[in-house]
């Protein structure tokens, strides 16, 4: 909410003002003052009192922009499947109302949400640990910043806090004697505060934004085939063999895997440092897909976006869309576990459809709402008219 301008009241004997409300586009009003200017005595004026119109330019310019700002209406759905593997090593977190979940622990701009996908390898220990301790690691131990307004300072602090959470989680996995040192997990998190979307990634999970039907990748896959990662690995004394880091691991960033990392404080080819991408959401941004590499191994980002968009137009159910995306990956013969989260930013996608498609969608919903008996009666009525 934008506070209205402060009005100072002062007695001015020479001015008499009457105020009128002028409607603006978007439902806002600008106060226009008609001021009667009386000539100072004792000089007489041959003319009647003149009228001068005064407007408040800042209010006229800023108010409509503030009221028309896009505010995400967050809702989500998720689906996880073992796929062709013998064991499930993925975990995920889906929280559409973060402040409601954490209560007094968090003061931040609204709406707010938190999502994470953890793709384990070398067993499920590391991924399961991340899911179990994520709230503590990301929002309690990391000195998460507090604010009620979105600004650059707040989001700079958020990024530093999330980076610290990734690094501390990595160290926590090393210190936990129950977790095998050969167990590790990739990690991708997405935070929404107001209109700001912040994605942090370490590994080969992927976040893809749908912007007016076009796929916008919000993360980069940290694999040995990625040139920047290959160069970093080489500079740290590592090597790539048959597409694997040190001939063992298919990713170049992950939490855990302490049997492959150098002692704490040393430079290592395998790191837990996340990469960040951030954007301001607008009405063009329809939904975000977060998925493990079991999805992206067999389909492009655009394929996934088109499939989910089609599903939302048909039934407007993000949970069902997540399942359909995983089933498509299975149909395309993925060889990995499957985990997908679909996060929508509008109350329904039908508002993004052309008028002709909206009418068709309404007709389909109307037909589906008829009972079998009503359809039978309608059919008999139509046949009798013939």
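The values are calculated or read from the model by the stated rules, or taken from the named source; none is laboratory data. What you see is a predicted model; the values in this text were computed from it and never measured. Heads up, the Cβs are rebuilt from the backbone with ideal geometry, glycines too, and the neighbour counts pull from every protein chain shown.
List of remarks:
- Restricting attention to segment 65-92 and to residues that are under 20 Å from the mean Cα position of the chain (by Cα) and in a loop (DSSP other than H, G, I, E, B), the residue that is modelled with the lowest pLDDT turns out to be 68.
- Across segment 114-133, not a single residue is classified as surrounded by 14 or more Cβ atoms within 10 Å (Cβ to Cβ), in contact with a helix residue (DSSP H, G or I) (Cβ under 6 Å, 6 or more places away or on another chain) and at pLDDT below 95.
- If the condition is being crowded, with 22+ Cβ neighbours inside 10 Å and either in a loop (DSSP other than H, G, I, E, B) or at pLDDT below 95 (or both), then segment 198-223 contributes 203, 204, 205, 218, 219, 222.
- One residue stands out among those in segment 158-186 that are surrounded by fewer than 16 Cβ atoms within 10 Å (Cβ to Cβ) and without any contact (Cβ under 8 Å) to a residue 24 or more places away in the chain: the one that is nearest to the chain's Cα centre (by Cα), which is 160.
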